[in-house]
Amino acid sequence: MLLISCPYCGVERPEIEFRHAGEAHIARPAEPSKLTDEEWAEYLYMRTNPKGLMAERWRHTHGCGRFFNAIRDTVSDKFVTVYKMGEAKPDLDQLLVEAAQ
Amino acid sequence: MPGVPKRRLDLWLRPGKKGRQRQMSRFNFWELAKNALSAHENWGRQWRAPEPKGEYDVVIIGAGGHGLATAYYLAKEHGVTNVAVLEKGWLGGGNTGRNTTIVRSNYLWEESEGLYDHAMDLWQNLSQELNYNVMYSARGVMMLAHTIHDVQVFKRHVYANRLAGVQNEWLTAEEAKEYCPPLNISKNMRYPVLGAALQRKAGVARHDAVAWGYARGADKYGVDIIQNCAVTGIRRGADGAVEGVETSRGFIRAKKIGVVAAGHTTTVMDMAGVRMPLESYPLQALVSEPVKPCFPCVVMSNTIHAYMSQSDKGELVIGAGTDQYISYSQTGGLQIPAHTIEAICELFPMFRRMRMLRNWGGTVDVTPDRSPIIGKTPVPGLFVNCGWGTGGFKATPGSGHVFAHTLAKGEPHPINAPFTLDRYRTGRLIDEAAAAAVAH
C-alpha cells in the first residue's frame, strides 16, 4: 500500500484514505463548441500513460476531501513530490536530475 | 539447476543440430513411447532461437499469446511466413503468464459477442490445431448476482447473448449451489447470492501452453521468435510510413509492424508518435497451496470482487482487482488481494483455513470503453492490437486470428472492424464497462 502525503493536511497517510483521480493538468477546453472531433477525443480519451515520472491527481477522500496533484514514478511507485491545486506543474526533467544527485 | 539432466540443459542452452532437427516432430503416442525409451531426455527444442534478419515482411512487437497467435495465423492462413516476433523479455512472460486463465464469451454488445465467441469457437479445437495440449477445460463460468441490479444486468446479458446465439443461461441460487456445491447461498451473508449467469462451455485453459503452442506452431512455419530483443524506436520515412524498428539487437526493416505490447503499448506507440487512449494499471492474482480436486467450475463475482477456479495442479487460482493508480511495477497493494480473499471466505467458507502461496501482478492496458483496439493507426504500416485490459487471455486465438487478417490484407476482418482506434473520435464506443469482469 502506498503512503501518500496530503499537501493540505501536511501528513502522510495510507493509500486507502485517498482516491486516484487520473492524469493531472488536463485543462477543460475554454470554448467547447469550437472543438473538432479530434480535439474532443484528445481531451476526453487520449492519455500520456507514462512509464516514469507522472503528474497525477489524488483526492484525500477520507481526510480533508480535497484534490491535489502529485508527481510519482510509475515504475517504482515512489512519490517524488505533492503540490496543491493551482500550483504549476514541476519541471519533470529537473526532478529527474535532482533525483539522480 | 538441480533436477535437470545435464544433457537436456545443454540442448536448451546451445541449440545444436539435434535440437534443430527435432523441433519439427509432432507430439503423438509414437513419439511419446520413443522418448520414454530414453527417459524423456531427448525431446528437442520446440522453437529456434534465431538471430534477427535485416528485413521481414511483418514485425510483431510482443511475444505474448496474442502476438504469437497473430504470427501463427499470419503464416498458416495468409502464407506470410517472413515474420519476426520481437520480445523484450521472454516469451509469454508478461500478462500471458500472469492471468487467471479464464475463457468465456458472454459479453453484452454484438461487437464483443462476435469477437469473443470467435475466440470461443477456436478454443474448442485449439489443442488439435496446434498439436499441443492447451488443457482447455469447459467446466463452466458462473457469474454471481448479489443485488437486484446484478440480477437485472445478468438477465439482460443472458437475453442479449441468446439472441446472438451465444451460450449463457440464468440459474437460481439453488441451481447455482447445485452446479458449484462449495458455494454459500445462506441468506445471512452480507451480499447473499440471488442467482447466477452460467456459460457452460466457458472454462479455463493453461496459459503457458497457449503461448508455447502458438510459438511452436509459428516457428514450424518459419516465423522467427526473437527473445531478449527490446524495441527502442520505430523508424518512419518521409511519407510517414513505417520503415522498421530499432532494437537492442540492431535495426530491423519492415513495411508492416504490429504492436501487441499489452501494458507497454503506450510506450511503444510513443516511438511512432501516436497518442493512445490507454492507461496501464496493476492487476493482481494469487494462488493457494495445492489441494485435492474440490472446486468444479469457475466462479466470478463482480460485486464483491472475487473470481476463482482450481487449477489441474490443485491450486486455487484467484483473481483480484486492479489497483487504482497507473503503474508499470507489476505489483500492487496488499489490500487489493486481501479484499478479494475476504469475499472468497464469505462465498466459500470451506476455504477459510486455506493458505496462499504466491501473489503477483501484471500491467494491463485499459481503454475508456473497456473494449480492445485492433486495427490500423494513423501511421501507414503500423497496426495495433491492445486495450484488452483485465480480460485478454480468453480472446487470444480470436484476437490473433483477426489481427493476422488485418496485417495481411491491410484492412480489418469484419469481426474486428468495429474495434478501431478511430472510434474514440467518432464516438462509436463499445461500452463493455458494465459488462466485463471484476476490475471494470
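The sole residue among B:273, B:240 that is assigned to a loop (DSSP other than H, G, I, E, B), surrounded by fewer than 23 Cβ atoms within 10 Å (Cβ to Cβ) and within 14 Å of another protein chain (Cβ to nearest Cβ) is B:273.
Residues that are free of Cβ contacts under 8 Å to residues at least 12 places away in the same chain and open to solvent by 40 Å² or more (accessible area, probe 1.4 Å) occur in the range B:336-347; there is at least one.
Selection of the range B:301-320 for residues being touching a residue at least 24 places away in the same chain (Cβ under 8 Å), open to solvent by 10 Å² or more (accessible area, probe 1.4 Å) and assigned to a loop (DSSP other than H, G, I, E, B) yields B:302, B:303, B:304, B:305, B:311, B:312, B:315. Every condition in (1) among the acidic types (Asp, Glu); (2) within 13 Å of chain B (Cβ to nearest Cβ); (3) exposed (fewer than 14 other Cβ atoms within 10 Å of the Cβ); (4) farther than 23 Å from residue B:276 by Cα is met by residue A:15 except one, and the failing one is (3).
Each residue in the range B:93-123 was checked for being under 17 Å from residue B:311 (Cβ atoms) and open to solvent by 10 Å² or more (accessible area, probe 1.4 Å), and 7 pass. Evaluation of residue A:68 against the conditions (1) in contact with a helix residue (DSSP H, G or I) (Cβ under 9 Å, 6 or more places away or on another chain); (2) in a strand (DSSP E or B); (3) open to solvent by less than 40 Å² (accessible area, probe 1.4 Å) shows that the sole unmet condition is (1). Among the residues making up the range A:24-44, a single one is closer than 30 Å to residue A:98 by Cα, away from chain B (no Cβ under 13 Å) and either in contact (Cβ under 8 Å) with a residue 12 or more places away in the chain or within 10 Å of the chain's Cα centre (by Cα) (or both): A:25. Within the range A:45-65, the set of residues being open to solvent by 80 Å² or more (accessible area, probe 1.4 Å) and either among the basic types (Lys, Arg) or free of Cβ contacts under 8 Å to residues at least 40 places away in the same chain (or both) comprises A:51, A:57, A:59.
In the range B:221-237, the residue that is most open to solvent (accessible area, probe 1.4 Å) out of those that are in contact with a Phe, Trp or Tyr (Cβ under 8 Å, 6 or more places away or on another chain) and in contact (Cβ under 8 Å) with a residue 40 or more places away in the chain is B:228. Which one of B:307, B:281 is touching a strand residue (DSSP E or B) at 6+ places or on another chain (Cβ under 8 Å) and within 14 Å of another protein chain (Cβ to nearest Cβ)? Criteria check complete, one pass: B:281. Screening residue A:25 against (1) surrounded by 13 or more Cβ atoms within 10 Å (Cβ to Cβ); (2) more than 28 Å from residue B:337 (Cβ to Cβ) leaves a single unmet condition, (1). Evaluating residue A:88 against the criteria (1) in contact (Cβ under 8 Å) with a residue 40 or more places away in the chain; (2) hydrophobic (A, V, I, L, M, F, W, C); (3) more than 8 Å from every other protein chain (Cβ to nearest Cβ); (4) open to solvent by 80 Å² or more (accessible area, probe 1.4 Å) leaves one unmet condition, (1).
The values are calculated or read from the model by the stated rules, or taken from the named source; none is laboratory data. Keep in mind the model is a prediction, meaning the values are calculated, not measured. Neighbour counts run over all protein chains shown; Cβ positions are idealised from the backbone, glycine included. What goes into the accessible areas is simple: the full protein's heavy atoms, side chains included, and nothing from ligands, DNA or RNA. Shrake-Rupley method; radii C 1.70, N 1.55, O 1.52, S 1.80 Å.
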